[in-house]
Structure formats: C-alpha cells, structure tokens
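Note sheet for the following structure.
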Amino acid sequence: MTTLASLAVWALMLVLFMLLYAMIRMLLGWAATRAAARQRLEYPRRRSRIARFEERALSLPSVRYLRDTLEAARMPLGVRGFAGTAVGLALLGFAAGALVFRTPKATAFLPVVGLLLPYLALRLRLTGKQLQARLDFLPAVEWIYQTCMLAIQPNLRSALSEAVSSGRLPEKLQPVFEQLVLNMTAGRTVEDSLRIFELAVGHQWGTHFAGILRVGFEEGISVSDALRDLIADMRRAQKADQAERNRLLEIRIANYTPGLFLALFVGLNFKLNPEASYRFYVADPEGRDLILNSVLLVFASFGMGVALSRRRM
C-alpha cells in the first residue's frame with residue numbers, strides 16, 4: 001500500500017506539472033502573438049518534427065474521427081487538449097484509487113474511468129446537439145430548397161451560403177450550417193466538410209441530405225428535384241420520426257437516473273446522520289468499496305446509454 005501511495009503522489013505531481021506546463025505554454029503563446037502575425041503569410045520551408053508527427057497522427061482514421069467529432073460537437077478543445085485532459089483524469093483516477101479507496105480494484109479501474117470520461121462527455125454533448133438538430137431538420141431543408149428555387153444563378157454553393165446568411169434557419173441548426181459553409185470557404189475539402197456535417201446532424205436524413213450536396217458540389221448539377229423528393233419522404237416519415245425521438249428522450253433520461261439516485265441516497269444519509277454515514281462510507285473499507293461499485297455502475301450505465309443512443313440515431 002505504501003508503494004501505491006507513493007505512486008499516487010507522483011501522479012498528482014505529474015498532473016500539477018501538466019497544469020503548470022499548460023499555463024506556461026499559454027503565456028508563451030500570448031507573448032509570441034505578434035511574431036506569429038508577421039509570419040502568418042510566410043510558408044515554412046522546413047516543418048518541425050512535431051508538425052510532421054501531428055500530420056501523421058491526423059492521417060490515422062481514429063484520430064481523424066476524434067478531430068471531426070470534436071469539431072461537430074463544437075468542443076473548445078483540440079485533439080492534443082482532449083488527449084491531455086484524458087491522461088490527466090486517468091492520473092487523478094489512479095491517485096484517488098490509491099489514496100482514497102486504497103484497493104487494487106479502485107487503482108485499476110478508476111484510471112480507466114478517467115481516461116474514458118472525456119470521450120463519454122463528448123459523445124453525450126454530441127448526442128444532445130444531434131437531438132436538437134433532429135427536431136428542426138425538415139424546416140431547414142425546406143428553406144434551403146426554397147432558396148435554391150429562388151436563386152438567380154443555379155449555384156448550389158452560393159444558394160447554401162445565402163440560405164445560411166439570411167438567418168431564417170431554425171435556431172438549433174443555424175450553427176451547424178454555418179459550420180458547413182465556413183469549412184468550405186476556409187479551404188476544407190467538400191468531403192471533410194460534409195463528413196463533419198453528418199456527425200453534427202447524426203441521423204439518416206442528414207446523411208441523405210449530405211449525399212445530395214456531395215453530388216451537387218462534385219457534379220455541378222441542380223439538386224432541386226432531389227431535395228423535393230427528400231422533403232416529401234421526410235414529411236411522410238414524420239410520425240415515425242416523432243416516436244423515435246421519444247425513445248431517444250427516454251434513453252437520455254435513463255442515463256442520468258442512476259447518478260441522481262446515488263447522489264440523493266448518499267446525500268440524505270449524510271444529512272440525517274453525518275457521523276454514522278462518514279464511518280460507513282469513508283472510514284469503513286466495505287463502504288468505500290460500495291461507493292466504488294456504484295460509481296463504476298453509473299459509468300457503465302452512461303456508456304450503455306451512449307451506445308443505445310448511437311444505434312437509435
């Protein structure tokens with residue numbers, strides 16, 4: 001146990017070092033803003049090893065998927081920040097297992113929970129945004145179809161930009177389409193932009209709509225007929241889609257129920273009898289093991305809820 005405690009202390013020191021490193025890096029980045037602005041238009045002749053490593057890492061499908069998911073969920077983190085957060089939480093989980101619970105099971109499982117917790121939070125955030133976008137997707141497609149029909153020039157890219165800049169898209173979908181237009185105007189490829197759009201929308205109608213846009217952008221043909229057929233199919237499937245949304249809402253409610261019941265049960269026990277609750281939940285090893293099992297079950301329920309939500313979407 002002494003070895004585990006010393007390792008936990010080293011883990012905490014490593015987390016503090018990572019936080020200090022992040023702060024120093026932010027200060028250095030702020031100090032180098034003017035120099036970076038001068039060199040913004042200059043093409044670097046020789047890339048550093050870190051840049052080459054990042055380019056190779058982004059070529060991996062898993063890293064590219066993580067980057068697209070972060071962008072689709074509009075998380076204020078990049079791939080490096082996300083990985084650093086996951087590693088830091090894993091080290092904190094190891095320290096909590098060794099210092100608080102003081103059992104090999106906690107020392108083994110809590111780092112895994114900390115490592116997977118950022119991805120679980122990312123998936124929950126993305127699923128929530130997908131549910132919000134699902135409700136108003138049909139009015140958004142109808143407005144884009146009207147803009148394409150009323151456009152003076154049959155240009156899909158300009159019609160899409162006009163529909164987004166008009167501000168008449170549904171509130172929940174306005175940022176999604178703005179992100180799509182911004183990615184295409186910022187030099188991203190059509191495939192990358194539409195892949196991020198599909199992740200942000202997250203349902204089959206969004207996939208069909210992205211396929212129509214993909215054909216229109218690549219072939220340069222009119223997509224008005226395809227959009228009209230898509231709108232007709234979505235209107236016919238509106239009732240079934242409402243039932244599916246209700247199932248997704250039930251899954252999301254069930255995700256948070258175990259954690260709420262655990263917090264309510266433990267909180268009431270501490271309020272009614274703080275001394276006995278402390279002896280049972282904190283001082284007693286069996287009580288700590290009970291709390292640990294509850295935390296692991298809550299985490300597993302969140303994971304199952306995310307998996308079921310993805311299948312339903």
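The values are calculated or read from the model by the stated rules, or taken from the named source; none is laboratory data. The shown structure was predicted, so the numbers you read here are calculated from the model rather than taken from an experiment. Neighbour counts run over all protein chains shown; Cβ positions are idealised from the backbone, glycine included. These area figures cover heavy atoms from the full protein model, side chains too; ligands, DNA and RNA do not enter into them. Shrake-Rupley method; radii C 1.70, N 1.55, O 1.52, S 1.80 Å.
When 309, 277, 294 are checked against the criterion of being in contact with a helix residue (DSSP H, G or I) (Cβ under 7 Å, 6 or more places away or on another chain), of a type in the set (Gly, Ala, Ser) and either open to solvent by 90 Å² or more (accessible area, probe 1.4 Å) or modelled with pLDDT of 80 or more (or both), a single residue qualifies: 294.
In segment 102-133, the residue that is nearest to residue 66 (Cα to Cα) out of those that are among the hydroxyl-bearing types (Ser, Thr, Tyr) and under 20 Å from the mean Cα position of the chain (by Cα) is 119.
Do you know which residues across segment 154-191 are assigned to a loop (DSSP other than H, G, I, E, B) and open to solvent by 40 Å² or more (accessible area, probe 1.4 Å)? Once the filter is applied, which keeps residues that are assigned to a loop (DSSP other than H, G, I, E, B) and open to solvent by 40 Å² or more (accessible area, probe 1.4 Å), segment 154-191 yields 154, 155, 166, 167, 168, 171, 172, 186, 187, 188, 189. Taking segment 94-153 as the range and being charged (D, E, K, R) and either closer than 21 Å to residue 302 by Cα or buried (at least 21 other Cβ atoms within 10 Å of the Cβ) (or both) as the test, the residues that pass are 105, 123, 125, 129, 134.
So, of the residues in segment 216-232 that are among the hydrophobic types (A, V, I, L, M, F, W, C) and in a loop (DSSP other than H, G, I, E, B), which turns out to be most open to solvent (accessible area, probe 1.4 Å)? By that ranking, first place goes to 221. Only one entry of 194, 213 meets the criterion of being surrounded by 14 or more Cβ atoms within 10 Å (Cβ to Cβ), touching a Lys or Arg at 6+ places or on another chain (Cβ under 7 Å) and assigned to a helix (DSSP H, G or I), and that entry is 194. For segment 116-153, taking the residues that are among the polar types (S, T, N, Q) and assigned to a helix (DSSP H, G or I), the one that is modelled with the lowest pLDDT is identified as 132.
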